[in-house]
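Report on the following structure.
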Amino acid sequence: MYHFIINPSAGNGRAQKSWTKIQKKLCQLNLKYSYYLTTSSTDLKQHLRQQAKLTPKTIFVILGGDGTLYHALNAIAFPTKLDVILGYIPCGSGNDFAKAAQISTDPNKALAQLLAQKAPRTLDLGYFKTSDRAGVFSNNLGLGFDAQIVEITNNSQLKNQLNKLHLGKFAYATCFFKALSQQKPFTLTVTLPNFPPKNFSHAFLCTITDQPYFGGGVALFPKARLDDGKLTLVVIEKKNLLDFLSVFLLMLLPGAYHLRARSLSFYTTTKLKLTTTTPQIVQVNGETFTFSPGDLLLEIKQQKFIF
Ligand SMILES: Nc1ncnc2c1ncn2[C@@H]1O[C@H](COP(=O)(O)OP(=O)(O)OP(=O)(O)O)[C@@H](O)[C@H]1O
């Protein structure tokens, strides 16, 4: 049995349109299903948790973007982990998880892919904890520059306008220069198991990822895999503007040459600790919050998916 949970506002209304197409297909296939249209992220979490406790054998299929998926994952993971299988049909703006997991962004193809899958797959999630919050994520968690871009994009009308033109994945790129003027370099200490702490005096972007993409399909760390049991931390320092811009330019080109830049460091690990001395904006799967100075702990968790 499948239970579809739809965030109708994802992708500036794209999820609603996708759902209409999927309902038509489900009707043609004569498949038994139930569904729920969410009214907010809180409603989504309450509904999913309640249903998952009532009918744990059901496959819960989420229709939305990376943010909707984030809320669904956290509904399952907290306060105690529920053993349920999640399906996912991408209908957001950026759809980074879909790109990493190779799920079609055509709703009917994504549905066909999901229905053809016989057994669930266990994939990695990142788990984070600060002094006042904890969560899991399927894509990445970023402090500093990428979070600044997400914050500006989410608060601008541009994302909706680009979504109307089916150019939603470029929304983050358009806010790049505004974020560049607002973000300041910050001090960052990275602590990895069995290594002495590493200090960065001019950290600008600090992203922990469990898959290759961020910002609507930009390959931050192409070798990252959703099922390798590891997280990768990428830190880019900004001591010199031209140097910083060249790293980003290289990131947009094939070949992953940005990973050779002197101002970029990366570490692949199962757990780590980040410490900052100034408040920083954090983005998790495209949702933002402010992180007060202190420690941010990260480790790996798992979730069963079908798609
Ligand atoms: N009815 C609703 N149900 C669930 N979430 C909602 C609803 N209305 C607004 N939201 C908000 O929608 C956001 C999630 O949207 P989502 O990220 O899935 O789509 P997107 O921003 O278009 O895509 P992407 O993250 O791929 O760029 C969350 O911030 C959530 O709080």
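The values are calculated or read from the model by the stated rules, or taken from the named source; none is laboratory data. Small disclaimer: the values here were computed from a predicted structure and weren't measured. Here the Cβ is made from the backbone with ideal geometry for all residues, glycine too, and neighbour counts use every protein chain on show. Quick note on the areas: whole protein, heavy atoms, side chains included, nothing else; ligands and nucleic acids left out. Shrake-Rupley method; radii C 1.70, N 1.55, O 1.52, S 1.80 Å.
On the stretch given as the range 49-64, residues that are within 16 Å of the ligand (Cβ to nearest atom), without any contact (Cβ under 8 Å) to a residue 40 or more places away in the chain and in contact with a helix residue (DSSP H, G or I) (Cβ under 7 Å, 6 or more places away or on another chain) total 1. Consider residue 233 carefully, then state whether it is touching a strand residue (DSSP E or B) at 6+ places or on another chain (Cβ under 7 Å) and within 17 Å of residue 262 (Cα to Cα). In short, yes.
From the list 110, 72, the one residue that fits, being aliphatic (A, V, I, L, M) and under 22 Å from residue 284 (Cβ atoms), is 72. Among what's in the range 130-179 and is among the charged types (D, E, K, R) and open to solvent by 90 Å² or more (accessible area, probe 1.4 Å), pick the residue that is nearest to the ligand (Cβ to nearest atom). Among residues in the range 130-179 that are among the charged types (D, E, K, R) and open to solvent by 90 Å² or more (accessible area, probe 1.4 Å), the one nearest to the ligand (Cβ to nearest atom) is 169.
Looking at the range 70-91 only, could you name the residues that are crowded, with 20+ Cβ neighbours inside 10 Å, more than 10 Å from the ligand (Cβ to nearest atom) and not hydrophobic (A, V, I, L, M, F, W, C)? Residues satisfying the conditions are 74, 87, 88. Only one of the listed residues (67, 94) is within 14 Å of the ligand (Cβ to nearest atom), assigned to a loop (DSSP other than H, G, I, E, B) and among the small types (Gly, Ala, Ser). That residue is 94.
Out of all the residues in the range 45-61, is one or more polar (S, T, N, Q), within 24 Å of residue 300 (Cβ to Cβ) and buried (at least 18 other Cβ atoms within 10 Å of the Cβ)? Among the residues of the range 45-61, not one is polar (S, T, N, Q), within 24 Å of residue 300 (Cβ to Cβ) and buried (at least 18 other Cβ atoms within 10 Å of the Cβ), which makes the answer no.
Residues in the range 97-121 that are open to solvent by 40 Å² or more (accessible area, probe 1.4 Å), within 14 Å of the ligand (Cβ to nearest atom) and either farther than 13 Å from residue 307 by Cβ or assigned to a loop (DSSP other than H, G, I, E, B) (or both): 105 only.
Okay, residues lined up against (1) within 30 Å of residue 92 (Cβ to Cβ); (2) of a type in the set (D, E, K, R); (3) touching a residue at least 12 places away in the same chain (Cβ under 8 Å); (4) open to solvent by less than 50 Å² (accessible area, probe 1.4 Å):
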position	(1), (2), (3), (4)
188	yes, no, yes, yes
194	no, no, no, no
219	yes, no, yes, yes
243	no, yes, yes, no
253	yes, no, no, no
258	yes, no, no, yes
